[in-house]
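Note sheet for the following structure.
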Amino acid sequence: MKVAIAYLSYSGNTQEVAEFIQERLISRGCSVDMHRIGIDAPIDPSGYDIVFLGTFTWENGRTPDEVKDFILEIGYKPNNIAVFGTGDTQFGYYCGAVDRLVNFFNSKWSGLKIEQSPRGSQEQLIDYWLRGVMERVRHIA
Ligand SMILES: Cc1cc2nc3c(=O)[nH]c(=O)nc-3n(C[C@H](O)[C@H](O)[C@H](O)COP(=O)(O)O)c2cc1C
């Protein structure tokens, strides 16, 4: 299975989630391309079985501009996007960007929300979510 993980991270939390997902997928035998939004060359989602899209949330639940640019760069709404993100419950709309992106892409998968760093007990949340996502990919493929 060919997978891309596209993510935006300023202070490293979303990157940690992306790398955790990467590690798990590689150990399942997937081929994984990492894409740093705003840095790496554009990707074509149609070349992948699934694209994981990760973002943090900004100012009252907003999606960062770099992520919006990434979506514009793709130029269409792929149906193979699974969304994950990090946020902080002390802000107004916790992980609002995850909800917005799930709705925008009409994603087949619920979004994964992680509070700050995934290290510790939240790793189980990622594993549980990832299992659900991969089950459905296999079902469709
Ligand atoms: C100015 C500012 C605004 C933020 N606004 C929100 C928000 O509205 N909702 C939320 O869930 N998290 C919010 N956060 C928290 C970040 O999304 C969170 O720290 C995230 O893990 C950062 O990801 P990164 O380490 O990958 O850059 C905000 C953080 C900052 C600094």
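Nothing in this text is a laboratory measurement; each read-out follows from the coordinates by a stated rule. Everything quoted here is computed from the prediction, not taken from an experiment. All Cβ positions, glycine included, derive from the backbone under ideal geometry; neighbour counts span all protein chains shown.
SER117 - would you say it is in contact with a strand residue (DSSP E or B) (Cβ under 6 Å, 6 or more places away or on another chain) and hydroxyl-bearing (Ser, Thr, Tyr)?
Criteria not met by SER117.
Looking at the range 108-124 only, could you name the residues that are more than 17 Å from PHE56 (Cα to Cα) and buried (at least 19 other Cβ atoms within 10 Å of the Cβ)?
The answer is TRP109, and nothing else.
Quick test for you: out of GLY47, GLY61, pick the one residue that is surrounded by 13 or more Cβ atoms within 10 Å (Cβ to Cβ) and among the small types (Gly, Ala, Ser).
Working: GLY47 fails: surrounded by 13 or more Cβ atoms within 10 Å (Cβ to Cβ).
Just a single option satisfies the conditions, and that option is GLY61.
Would you list the helices (runs of 4 or more DSSP H) that sit entirely within the range 10-105 and hold 3 or more residues that are within 11 Å of the ligand (Cβ to nearest atom) and without any contact (Cβ under 8 Å) to a residue 60 or more places away in the chain?
The qualifying helices (runs of 4 or more DSSP H) are 96-105.
Inspect all residues belonging to the range 125-140 and state whether any of them is in contact with a Lys or Arg (Cβ under 9 Å, 6 or more places away or on another chain), more than 16 Å from VAL17 (Cβ to Cβ), crowded, with 17+ Cβ neighbours inside 10 Å and of a type in the set (D, E, K, R).
No, because not a single residue in the range 125-140 is in contact with a Lys or Arg (Cβ under 9 Å, 6 or more places away or on another chain), more than 16 Å from VAL17 (Cβ to Cβ), crowded, with 17+ Cβ neighbours inside 10 Å and of a type in the set (D, E, K, R).
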